[in-house]
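Structure first, commentary second.
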Amino acid sequence: MDVTGQIRQLELAGFAGDELDHAVALAGSRRLVYAALLQEIRRGAPPREALRLVEGALLVRPAE
């Protein structure tokens, strides 16, 4: 799956260097993860915060 367009959108949104690498590693080929990152940016979160928020949402909590 080609996610070049999504990566370019992240770059345009301010992701660069390690933050961009982290975002791409987190999302892989999952377009919904790229969309979630961009949504957090549109809500005003800087790239580092957007990563933290989306990562937190992706964590699976163990059963209690």
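The values are calculated or read from the model by the stated rules, or taken from the named source; none is laboratory data. From a predicted model like this one, the values you see are computed outputs, not experimental measurements. Heads up, the Cβs are rebuilt from the backbone with ideal geometry, glycines too, and the neighbour counts pull from every protein chain shown. Ligands, DNA and RNA are excluded from the accessible area calculation, which covers all protein heavy atoms including side chains. Shrake-Rupley method; radii C 1.70, N 1.55, O 1.52, S 1.80 Å.
Descriptive notes on the structure:
- Quotient of Cα Rg and 2.2 N^0.38 Å for the chain, N being how many residues it contains: 1.09
- The 3J(HN,Hα) values that the Karplus relation (6.51, -1.76, 1.60; θ = phi - 60°) gives for the stretch 24-39 are, in residue order, 5, 5, 5, 7, x, 9, 8, 4, 5, 5, 4, 4, 5, 4, 5, 5 Hz. Gly and Pro appear as x.
- Rolling a 1.4 Å probe over the protein heavy atoms gives the chain an accessible area of 70 Å² per residue.
- Taking 0.36 nm per residue of sequence separation and removing the Cα-Cα distance, the Ile7/Glu55 pair yields an extension gain of 15.6 nm.
- Carbon + sulfur, % of accessible area of the chain - ligands and nucleic acids excluded, 1.4 Å: 54 percent
- Taken about its Cα centre, the chain carries a charge dipole of about 240 debye when Lys and Arg each add +1 at the Cβ and Asp and Glu each add -1 at the Cβ.
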